Amino acid sequence: VHPTAVRRASPIVVQSEHTSYTNDHIISKFTNRGADVTIVEGQYIVTPTAKPYEFQTARKVAKTGLMMVGWGGNNGSTLSATILANRHNIVWRTKSGVQQPNYIGSLLRASTVRLGADPSTGKDVYVPISDVLPMVHPNDLVLGGWDISGARLDEAMKRAQVLDWDLQRQVMPHMAALGSPLPSIYYPDFIAANQEARADNVVPGTDKQAHLEHLRADIRKFKETHGLDRVVVFWTANTERYSDIIPGVNDTADNLLNAIKASHSEVSPSTLFAVAAILEGEPFVNGAPQNTFVPGVIELAERLQSFIGGDDLKSGQTKLKSVFAEFLVNAGIKPLSIASYNHLGNNDGHNLSAEPQFKSKEISKSSVVDDMVSANALLFKPSAVGAPAGSKEAKGEHPDHIVVIKYVPAVGDSKRAIDEYYSEIFCGGRSTINIFNECEDSLLATPLILDLTILTELLTRVKYRDASAGKDFKPLYPILSLLSYMLKAPLVKPGTDVVNSLNRQRNALETFLKACIGLEGSSDLLLETRIW
Ligand code: NAI
Ligand code: DG6
């Protein structure tokens, strides 16, 4: 491709032997550097490794639809209204003045990466992350989805009580034009009984195979009606209870498909949606904490090479925890206990006031410090080999960690969260740090749904090959762990470690995006500033 054509079509042009551009693709060479470490008689023997890869990214952004499960909820309606406000450039009055629509809180649309330095000034050059590779713009997403509540989108937005009235008032006709969510699958046993009154828009019957076919037809129809290349199916519906993992039912892909045929009671609505998306070859992202991805779903996604990502949006309290706990442990300070409380009064809080649904959330909120703790054996005794299973020694040392959520209707969507970090410091000293934060829950969550959708679409366009073996390009592994930054309990390739550290998650993503244009990952070495 002629360099001028590249320049016109792309905000960044990499001039290097590692990067080439065609009309259809960006192709890059990347060396994955690491180290093999073995311990021999107490000594670490380290062998640096370097493996060459090539990435091929399709340049044409897919015309993308976002089908939300739970479209009429706080997140679904807020996301729709804010996209419409941005698309139609609606400005509104608040008590503090005139407010412009924006995408603040979106990693992709509102944060930057360092590309390098300007040789004439030596100053760093930063670009929006969304400029690194071609990505869908949130304003261009085609919106749709399902909800067990049939409220039209304008009514749903009003019910959510998240957005300023002047914005609601102006965006109302656009929201009304979106219509009502499609009828959804409602198995009352999976969400709190207090949600029953909402369920006036459900697909009739109890035949789960028929329900699966129904959802697949919905996805196909949405795709056809809007002429879409890609549909991301996104669970932003109520948190479900955990499904039991039962051998013969949901432990393998075939067993799960048979369990759906037999309308087995342990197949949840979210699992059914995931299976429908996978069978349609469209990505599915789980924004809630339940174990939608039972082993059978993962096997099915692998078998059909269909992308999945989850679990549970990491918006406020937990995001801060993944930064703060890492700060303590990496500073050589030993957290002894982390006590997290929050209360909120929206419908999510109402659903979570039931014990089985709270349990799902408690699990996803609790796992977030595990990797930081296990990375520091100087502070926390690792699990003892040979210790009785389930014993304290087998689990290894860990800070006490509790999570409490209470439903307080009066505060609505404005969540209040309190965290106490109680730590051991130098020579037996103690430090207590308390953090209180208050935020509009859905306004933190909404940009994450956008980031997850946009990244997911991008990752379906990236292929790789092992350059040393001269193989053909193939898609990435179906579990998109590169989405981890936005997720509380990241789903990863079975057998690989979960990374919870927010900094490491961002670094992984940034390094990957840069690798796709043939640039090395970010180094803060800045050697030129440290030598003569
Ligand atoms: P919400 O309760 O306002 O909305 C959920 C919607 O899902 C409701 O409209 C409900 O009618 C619908 N629903 C329930 N079961 C359904 C089904 N089977 N099919 C289709 N629709 C169904 O909740 P919100 O605040 O929008 O949150 C959505 C989910 O995202 C929850 O699971 C929540 O735990 C999770 N989440 C929210 C975060 C936030 O900060 N707002 C952050 C992390 C996760
Ligand atoms: C109560 O914690 C409600 C939850 O759904 C949260 O608002 C949501 O999971 C966000 O959690 P966090 O811990 O990231 O703020």
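No value in this document is a laboratory result; all are computed from the given coordinates. The model shown is predicted, which means the values in this text are computed figures rather than measured ones. So basically every Cβ, Gly included, is an ideal-geometry build from the backbone, and we count neighbours across all protein chains shown.
Classify the stretch 292-384 as rounded, prolate or oblate, taking a ≥ b ≥ c as the square roots of the eigenvalues of its Cα gyration tensor: rounded when a/c is under 1.5, otherwise prolate if a/b is larger than b/c and oblate if not.
oblate
Cβ neighbours within 10 Å, averaged per peptide: list 243-255, 438-450 in order, most packed at the top.
Output ranking for 243-255, 438-450: 438-450, 243-255.
With runs of 4+ DSSP H residues as the only contributors, calculate the mean residue ellipticity of the chain at 222 nm using -39,500 (n - 2.57) per run, divided by the residue total and rounded to the nearest 500.
When only DSSP H runs of four or more count, the value is -9500 deg cm²/dmol.
Sort 118-125, 480-487 by packing, meaning the average of other beta carbons within 10 Å per residue, with the highest value first.
Descending mean neighbour count gives 480-487, 118-125.
Between residue 87 and residue 467, what is the FRET efficiency for a Förster distance of 56 Å, r being their Cβ-Cβ separation, to the nearest 0.05?
Efficiency, rounded to the nearest 0.05: 0.85.
About its Cα centre, what dipole magnitude does the stretch 465-532 give when the only charges are +1 on Lys and Arg Cβ and -1 on Asp and Glu Cβ, stated in debye to the nearest 20?
Using only the charged Cβ atoms, the result is roughly 220 debye.
Using +1 at the C-beta of Lys and Arg and -1 at the C-beta of Asp and Glu, which of 367, 300, 439 has the Cα lying farthest in the positive direction of the dipole of the chain?
Toward the positive end, the furthest listed residue is 439.
Determine, for 146, 92, 532, the number of other Cβ atoms within 10 Å of each Cβ, and report the residues in order from fewest to most.
532, 92, 146
Using modelled amide H (1.01 Å from N, peptide plane; none on Pro or chain starts), what sits under 5 Å from the amide H of residue 145, excluding residues fewer than 5 places away?
It is 68, 182, by chain and number.
Just report the Cα centroid separation between the stretch 81-98 and the stretch 208-249, whole Å.
If you average the Cα positions of each part, the centres end up 32 Å apart.
Around residue 59, with a cut-off of 10 angstrom between Cβ atoms, what is the net charge of the other residues, counting Lys and Arg +1 and Asp and Glu -1?
+1
Name the residue farthest towards the positive end of the dipole of the chain from the options 167, 255, 405, assuming +1 on Cβ of Lys and Arg, -1 on Cβ of Asp and Glu, about the Cα centre.
Most positive-ward Cα: 167.
Ranked highest first by average number of other Cβ atoms within 10 Å, how do 35-41, 423-429 line up?
In decreasing order of mean packing, 35-41, 423-429 become 423-429, 35-41.
Charges at C-beta only: +1 for Lys and Arg, -1 for Asp and Glu. How large is the resulting dipole of the stretch 394-507 about its Cα centre, in Debye rounded to 20?
560
Would you please state the base-10 log of I(q)/I(0) at q = 0.05, 0.06, 0.07, 0.09 1/Å for the chain, with intensities from the Debye formula using one equal scatterer on every alpha carbon?
Per q value, in the given order, log10 I(q)/I(0) is -0.21, -0.31, -0.42, -0.71.
Assign unit charges at the C-beta atoms only (+1 for Lys and Arg, -1 for Asp and Glu), then state the dipole size of the chain relative to its Cα centre in Debye, rounded to the nearest 20.
1080
³J(HN,Hα) across the stretch 473-489 via Karplus (A = 6.51, B = -1.76, C = 1.60, θ = phi - 60°), whole Hz, x for Gly/Pro?
The phi angles translate into 5, 9, x, 5, 4, x, 7, 7, 6, 5, 7, 3, 3, 9, 10, 6, 10 Hz.
Please state the relative contact order of the chain as a whole percent: Cα pairs under 8 Å, 6+ residues apart?
It comes to 18 percent, rounded to a whole number.
Express the relative contact order of the stretch 137-255 as a whole percentage, based on alpha carbon pairs under 8 Å and six or more residues apart in sequence.
This gives 27 percent for the stretch 137-255.
Considering only DSSP beta bridges where both residues belong to the chain, give the percentage that are antiparallel (nearest 5).
Percentage antiparallel, nearest 5: 65.
Taking the Cβ of residue 74 as the center, what net charge do the other residues with Cβ under 9 Å away carry, scoring Lys and Arg +1 and Asp and Glu -1?
In short, -2.
Take every Cα pair under 8 Å in the stretch 4-83 that's 6+ residues apart, average their separations, divide by the length, and report that relative contact order as a whole percent.
23
Select from 498, 509, 476 the residue farthest towards the positive end of the dipole of the stretch 441-516; place +1 on Cβ of Lys and Arg, -1 on Cβ of Asp and Glu, and compute about the Cα centre.
It is 476.
In the stretch 439-507, which trypsin sites (Lys or Arg not before Pro) fall in coil by DSSP and have 13 or fewer other Cβ atoms within 10 Å?
Passing sites in the stretch 439-507 are 471.
What are the residues whose amide H is under 5 Å from the amide H of residue 203, where those residues sit 5 or more places off or on another chain and H is modelled from the backbone?
184, 185, 186
Once fully extended, how much extra length lies between residue 404 and residue 23, figured as 0.36 nm per residue of separation less the alpha-carbon to alpha-carbon distance?
131.8 nm
What fraction of the DSSP beta bridges in the stretch 329-451 is antiparallel, stated in percent and rounded to the nearest 5?
Here the antiparallel bridges make up roughly 70 percent for the stretch 329-451.
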